[in-house]
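A short worksheet on the structure shown next.
The values are calculated or read from the model by the stated rules, or taken from the named source; none is laboratory data. Note that the structure is predicted; figures quoted are calculated from it, not measured. A quick note on method: Cβ atoms are made from the backbone with ideal geometry, for glycine too, and the neighbour counts reach across all protein chains shown. Note: areas computed on protein heavy atoms with side chains; ligands, DNA, RNA excluded. Shrake-Rupley method; radii C 1.70, N 1.55, O 1.52, S 1.80 Å.
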Amino acid sequence: MSDSTWRLLSTVVLILFVLLITVSAYSSKRRVLVPNFLPTKTNVTVHMGELAVLQCKIRNLGPKQVSWRKVSLDYPLTVGTLLFDNQEDLSVDHKKLRGMVTQYNLIIKRAQPRHSGKYECQISATNIHTHHVYLTVLDSPLHIEPAINIRGTEYVSRYEEIRLDCNATGAVRAPDDIDWFHNGHMIVKDDLRWRGRIRIHKYKPEVPGRSLISSLVIEYSLLSDGGRYVCRSSDLETVSMDVNVLNSEEMKLVRDAGKNRRDPNRKDTVSRSTSKMDRPNGTSSGSRTFSSTSILIILLTVCSLVTR
């Protein structure tokens, strides 16, 4: 066998060996990454009209598809994030979490008794994996009072950003809209006073499904922007908050006052210093007594010398 033939065979054997190791490693890796369901709530009970969330969390899902189906039906409700059955009250909350965990939650808005039953989250693979969740929808609606709250910037320096967030929750569903007011006047983005300085962003969180959140951002605050801000939902629920826009000196006083409140020893120190300063010329009562006694001794000495 010639040297060239031997070298060719050696090269082929080496390539085959490398390919064998690569395939073995890949197969081993695939064997390890078997999808499995993480523990989640398997019995869900809600009142009629509430939001029902059926959880499904999977580790090592990889490229496999996830579908939801109701066991009593012979067709899937969802495949991935697509709705197989086009129902407005159904949606899928899909997120990729840490630790190679993927979430595919089935969301049922305004749940009704007809939604009750056994559901399964299914992984499409060579071996089908399923996770069952039982949903019970009670006939009676849950009575919840509408609520609204506001939070945000209370003190801000002039030219800094003001941000206020208003969260309005309805009794059965989310309010349709939220309006903002400043000192009794409705805030309109196209108004000359606010144009180019203001942003209003509204969104409805998927959970709990009855809230509307509106964020008011004033990017370049002026002294005239101080005052009372009111947010009002379309359900006519209102809440207010006072915002103070200060110049640099006023803001420094506010910050110093905050430091004094956080430092309980500061007041005692000031009180002790003040008690010393209350005495004229910085002298103590003991010093004044000593001075009077000295003067009296001197006068007696002078008198005794004169009488001699």
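Of note:
- Taking all protein chains together and a 1.4 Å probe, the residues GLU50, GLU160 rank GLU160, GLU50 from largest to smallest accessible area.
- Which listed pairs, of LYS70/LYS95; LYS118/LYS202; LYS41/LYS70; LYS64/LYS96; LYS64/LYS109, have C-alpha distances above 24 Å, in listed order: LYS118/LYS202; LYS64/LYS109
- Accessible surface ranking that places the most exposed of LEU97, LEU77 first, with a 1.4 angstrom probe: LEU97, LEU77
- A 1.4 Å probe run over the protein chains yields, for region 42-177, 55 Å² of accessible area per residue, whole-number rounding.
- Area accessible to solvent at ASP139, 1.4 Å probe radius, in Å²: 120 Å²
- Over region 135-183, the fraction of Cα-Cα pairs per 10 Å bin, rounded to whole percents and listed from the shortest bin up, is 18, 36, 24, 14, 7, 2.
- Shape call, region 191-249: gyration tensor on alpha carbons, a/c limit 1.5: prolate
- Of the chymotrypsin sites (Phe, Trp or Tyr not before Pro) in region 71-145, the ones in a loop by DSSP (not H, G, I, E or B) with at most 16 other beta carbons within 10 Å are PHE84.
- P(r) tail, region 61-109: Cα-Cα pairs separated by more than 12 Å, 64% of all pairs.
- For region 118-179, with +1 on Lys and Arg beta carbons and -1 on Asp and Glu, the positive-most of PRO175, ASN149, THR136 along the dipole: THR136
- Ranking MET241, MET186, MET100, MET48 from most to least accessible surface, computed with a 1.4 Å probe over the protein chains only, gives MET100, MET186, MET48, MET241.
- Whole-percent carbon and sulfur share, accessible surface of region 105-191, 1.4 Å: 46 percent
- Translational diffusion coefficient (Stokes-Einstein; Kirkwood radius from C-alpha pairs) of region 82-197 at 4 °C, 1.567 mPa s, in µm²/s: 66 µm²/s
- Here's the picture: charge each Lys and Arg Cβ at +1 and each Asp and Glu Cβ at -1 in region 78-148, and of ASN105, SER116, LEU90 the one pushed furthest to the positive end of that dipole is ASN105.
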